[in-house]
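Below is one structure, written out as structure tokens; the observations come after it.
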Amino acid sequence: MHRGLRCFICACAVGWTGSAPLAVDLHRLWEDRCANCHGEAGDFARRFLSVQGDALQGAHPDRELRRFLQNHYLKNNEIDGVYTMLLAQAGSDPRFKERCTPCHAKAAQLARESLIRRDGVLYTRGSRRPLDDFMQQHAALPAGEAAFFAGLLERVEREVHRP
Amino acid sequence: MLVLSLVTITAAGGTVSLNTGLVYHPDYLLHQPGAMHPERPARLTAIVEHLQAVSLWRSLVHIEPQPVADAWLLEVHSADYLRELDRAVEQAPIYLDPDTGISPDSVRVARLAAGGVLAAVDAVMVGRVRNAFAAVRPPGHHALPDRAMGFCLFNNVAVAARYLIKHHGIERVLIVDWDVHHGNGTQAMFYEDPSVLYFSTHQSPYYPGTGSAEESGTGAGAHSVVNVPLPSGTGDEDIVAAFENRLLPAAESFKPQFVLVSAGFDGHFSDPLAQFRLTEEAYARLTRIVLDIAERYADGRLVSMLEGGYDLDALASSVEAHLRALSVSSGPVSPAAR
């Protein structure tokens, strides 16, 4: 058998265990693997993590969170995604939870069910309009708020459909 | 309350003493750290039901816990922390720490857990039982002097060590911690204290990030900490070797007058939170080692208490192995001999 083909078959058989980025719904990963101990990711990040410079700091003895995560129940190829998600959440206020939850539950759920990306542009499934446009006329949001929520949903959609 | 103490002769001719105590209270189930939290009430339910199923429950001397007096908590925790907990519980459910949630009953239950360990200590000290296991929750070994951490509110084993020293006049206490996570809280509380020898085996690198071999105590407490970090995949022979090679010489030098065990069973191969590969037999062997130390130096006086262990079946069967090993000793100790 060709050596390359044999290697490919072996890799498929045993599963890829390298640290290549993982195609995974980060919010589901959190709900499945982290939420039992830590509650909701956004609440957790804002309450217990801090952003210093461009790095995320925890409260444990190994304060640099990326290093801490390497020894904390995550596979190597999951660490970057979870770290980046928590970094974004720690640096943002809980506006979606405060303003949107009554109609839309969680942002991740909204992104999974109501948004779709075509050629790099995010559309709403219902209106089939680009999200940026849609938000300008949604719930009488001021322009700044509309842009904030569009940006937030862009990020969450990428976290849900990673990479 | 059922009290049964048996002494029988085995087929091999050895004496088997069954006067091992057990601390348990149904209120321990009332601490709810979160709906799906791994440190859940079902852990204790699984232990109790299993001990009943294997007919061990009735062979144990049941010890009734009482809430710990704040004076003993203040031996290792700050007054500010106790006040903070009492305030926090009014806002429950709430997270005190990234992974430590509490419910309205949690602080009361934590006081009953620490009190349960002290009740076990008293029962051993007066000779009512030879040794005892406290099936308590929340666990304790991550709790720091001024904050909750890692599912732990009060550091039960540290409170017990101080209680032994201050109340019972014990001069040297050995704490053995075989939970898969390092007991950073316990270590911090006795890092400068020569009256307590803290020995820990734990997975490393891993949560909570402390427990390197270089951390060995300081000042008067220099060499009072013995950390044996072990890699993922550690099995029965590895951990037994660590106990034989590192704990036995340390204990021989220290000559403890009482042995406390932070008995976490999350090193079991089935446990979802760690990557050791221990079997129930490992816990039986570790128990025999600490029991041998207790019998050699401390007149058999030993109290163990539950820390981690999150696979219900593995936890229950490991506790059974631990209790069966505790219950088998060279013979009963008469109170007068103490």
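The values are calculated or read from the model by the stated rules, or taken from the named source; none is laboratory data. All figures in this text were calculated on a predicted structure; none of them were measured in a lab. Here Cβ is always computed from backbone atoms with ideal geometry, including for glycine, and neighbour counts include all displayed protein chains.
Scan the range B:63-74 and tell me whether some residue there is away from every other protein chain (no Cβ under 14 Å) and in contact with a Lys or Arg (Cβ under 6 Å, 6 or more places away or on another chain). Yes, there is a match, as at least one residue in the range B:63-74 is away from every other protein chain (no Cβ under 14 Å) and in contact with a Lys or Arg (Cβ under 6 Å, 6 or more places away or on another chain). B:Glu237 falls short of the stated requirement of being at pLDDT 95 or above and more than 19 Å from B:Tyr283 (Cβ to Cβ). Only one of the listed residues (B:Val126, B:Val180, B:Val136, B:Val76) is surrounded by fewer than 21 Cβ atoms within 10 Å (Cβ to Cβ) and among the hydrophobic types (A, V, I, L, M, F, W, C). That residue is B:Val126.
Remark: pairs (first residue in the range B:276-300, over 15 Å from B:Val319 (Cβ atoms) and at pLDDT 95 or above; second residue of a type outside the set (A, V, I, L, M) and in a helix (DSSP H, G or I); Cβ separation under 6 Å; 6+ apart in sequence or on different chains) = B:Ile289/B:Phe243. Within the range A:66-79, which residues are of a type in the set (S, T, N, Q) and either buried (at least 18 other Cβ atoms within 10 Å of the Cβ) or not in a helix (DSSP H, G or I) (or both)? Within the range A:66-79, A:Gln70, A:Asn71 meet the criteria.
For the range A:67-87, a tally of residues being on the phi < 0 side of the Ramachandran plot, within 13 Å of another protein chain (Cβ to nearest Cβ) and not polar (S, T, N, Q) returns 7.
Table: residues versus (1) within 26 Å of B:Tyr95 (Cα to Cα); (2) more than 17 Å from the chain's Cα centre (by Cα); (3) not aromatic (Phe, Trp, Tyr).
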| position | (1), (2), (3) |
| --- | --- |
| B:Pro145 | yes, yes, yes |
| B:Gly150 | yes, no, yes |
| B:Phe154 | yes, no, no |
| B:Asp179 | yes, no, yes |
| B:Gly185 | yes, no, yes |
| B:Gln203 | yes, yes, yes |
| B:Ser232 | no, yes, yes |
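Of note, B:Ile165 does not satisfy the criterion of being out of contact with any Asp or Glu (no Cβ under 8 Å at 6 or more places or on another chain) and in contact (Cβ under 8 Å) with a residue 12 or more places away in the chain.
Would a scan of the range B:239-247 turn up a residue that is part of a strand (DSSP E or B), away from chain A (no Cβ under 14 Å) and within 20 Å of B:His322 (Cβ to Cβ)? Quick ask: steps written out before the conclusion?
Residues of the range B:239-247 part of a strand (DSSP E or B): none.
No, because not a single residue in the range B:239-247 is part of a strand (DSSP E or B), away from chain A (no Cβ under 14 Å) and within 20 Å of B:His322 (Cβ to Cβ).
Take the conditions (1) assigned to a helix (DSSP H, G or I); (2) over 19 Å from B:His322 (Cα atoms); (3) without any contact (Cβ under 8 Å) to a residue 60 or more places away in the chain; B:Ala251 misses just one of them, which is (3). Against the conditions (1) buried (at least 18 other Cβ atoms within 10 Å of the Cβ); (2) farther than 23 Å from A:Leu29 by Cα; (3) hydrophobic (A, V, I, L, M, F, W, C), A:Val82 satisfies every one except (2). B:Ala110 falls short on exactly one of the conditions (1) within 14 Å of chain A (Cβ to nearest Cβ); (2) touching a Cys at 6+ places or on another chain (Cβ under 9 Å); (3) crowded, with 22+ Cβ neighbours inside 10 Å, and that condition is (1).
Residue-by-condition table, conditions (1) more than 23 Å from A:His161 (Cβ to Cβ); (2) touching a residue at least 12 places away in the same chain (Cβ under 8 Å); (3) within 12 Å of another protein chain (Cβ to nearest Cβ); (4) in contact with a Cys (Cβ under 9 Å, 6 or more places away or on another chain):
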| site | (1), (2), (3), (4) |
| --- | --- |
| A:Gly58 | yes, no, yes, no |
| A:Gly91 | no, yes, no, no |
| A:Arg128 | no, no, no, no |
| A:Ala140 | yes, no, no, no |
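Answer yes or no: is there a residue in the range B:83-100 that is within 21 Å of the chain's Cα centre (by Cα) and within 14 Å of chain A (Cβ to nearest Cβ). Yes, the range B:83-100 contains a residue that is within 21 Å of the chain's Cα centre (by Cα) and within 14 Å of chain A (Cβ to nearest Cβ).
The residues of the range A:104-126 that are free of Cβ contacts under 8 Å to residues at least 12 places away in the same chain and of a type outside the set (Phe, Trp, Tyr), listed by number, are A:His104, A:Ala105, A:Gln109, A:Ile116, A:Arg118, A:Asp119, A:Gly120, A:Val121, A:Thr124. Of the residues making up the range A:72-91, just one is polar (S, T, N, Q) and either under 16 Å from B:Pro98 (Cα atoms) or not assigned by TED's automatic domain parsing to the domain that holds A:Trp30 (or both), namely A:Gln89. When you check A:Arg117 against the structure, is it of a type in the set (D, E, K, R), under 22 Å from A:Trp30 (Cα atoms) and surrounded by 14 or more Cβ atoms within 10 Å (Cβ to Cβ), yes or no? No.
Residue under question is B:Leu51, and the condition is that it be modelled with pLDDT of 95 or more and either within 21 Å of the chain's Cα centre (by Cα) or β-branched (Val, Ile, Thr) (or both); does it hold? Please lay out each step first, then the result.
Values: modelled with pLDDT of 95 or more: yes; either within 21 Å of the chain's Cα centre (by Cα) or β-branched (Val, Ile, Thr) (or both): yes.
For B:Leu51, the condition - modelled with pLDDT of 95 or more and either within 21 Å of the chain's Cα centre (by Cα) or β-branched (Val, Ile, Thr) (or both) - is met.
Does any residue of the range A:95-110 turn out to be within 14 Å of chain B (Cβ to nearest Cβ), in contact with a Leu (Cβ under 9 Å, 6 or more places away or on another chain) and either of a type in the set (A, V, I, L, M) or in a helix (DSSP H, G or I) (or both)? The answer is no, given that none of the residues of the range A:95-110 is within 14 Å of chain B (Cβ to nearest Cβ), in contact with a Leu (Cβ under 9 Å, 6 or more places away or on another chain) and either of a type in the set (A, V, I, L, M) or in a helix (DSSP H, G or I) (or both).
In the range B:254-275, the residue that is nearest to B:Val157 (Cα to Cα) out of those that are in a loop (DSSP other than H, G, I, E, B) and more than 14 Å from chain A (Cβ to nearest Cβ) is B:Gly264.
So which strands (runs of 3 or more DSSP E) stay within the range B:138-230 end to end and still have 1 or more residues that are under 21 Å from B:Glu39 (Cβ atoms) and more than 13 Å from chain A (Cβ to nearest Cβ)? First the steps, then the outcome.
Details: elements: B:173-177, B:196-203, B:225-230.
Answer list for the range B:138-230: B:173-177, B:196-203.
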